[in-house]
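Have a look at the structure below before the remarks.
Every read-out reported here was derived from the displayed coordinates using simple, explicitly stated rules and does not represent laboratory data. Every value quoted in this text rests on a predicted model; they were computed, and no experiment measured them.
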Amino acid sequence: MKFLDKLALKIFSLLIFIIAIIIILLITGIVTIDMIEDFVNSITLLNGDTVIQVTIAILAILMLLAIKGLFFTSKPEDTGKDGIVLENTSGKLVISKESLENLIASVIKDIPGAETVSSRTILDKNKNLIIYVTAVVSKDVMLKDISNELQLRIKETMKKTADLDVKEVNIKIKNITSKKVKGLPSPDESENKSEEKNTENVGEKQKEGEE
């Protein structure tokens, strides 16, 4: 909303407030019409033409603002509050936040061991897209590895599908479940395999040394 529109709205609200108070005072009998007339006449007598000129100027400004509001109302600007606005020479494209969140959910769904709980997209003042993801992961995955994979895949998908550059993907792990991931070894199994492999390598080196 522009400055003049805000000013007109504040002045209008103030006038309505004053008129409402005066009407209430008149209805309850606290103030009478004669008292209001005497008050206006006393101000006019004290300041003379100055009061009349100021009053006319204020009324003229209010009339101009009223005419502007009635006949020259500007179209509301699309600030992208409900989505991301992309502009080009042909027009505008608005991608809803719901679409972006569904896209993020589909990306997370394809990653073994991760489930999305919620996601939120924010466009900052510099038109940078920031994504917040809350997820549930399995205990069979490494948190650091799956976080890096989520961040990378979300950025790649946003760029490929919506042509959006993502500045940040912030991951919040809400819970770690005991649900096992098919085809994915647990961290303990991975460590055991790694130890077995190291033992085999040491054994092979010892054999080579003996030969």
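Of K92/K160; K109/K144; K10/K92; K109/K172, which ones are farther than 22 Å apart at the Cα? As for pairs spanning more than 22 Å Cα to Cα, those are K10/K92. Under a 5 Å amide H cut-off, with hydrogens placed 1.01 Å from N, S118 pairs with T134 among residues at least 5 apart or on other chains.
Radius of gyration (Cα atoms) of the stretch 3-71, expressed as a multiple of 2.2 N^0.38 Å: 1.35.
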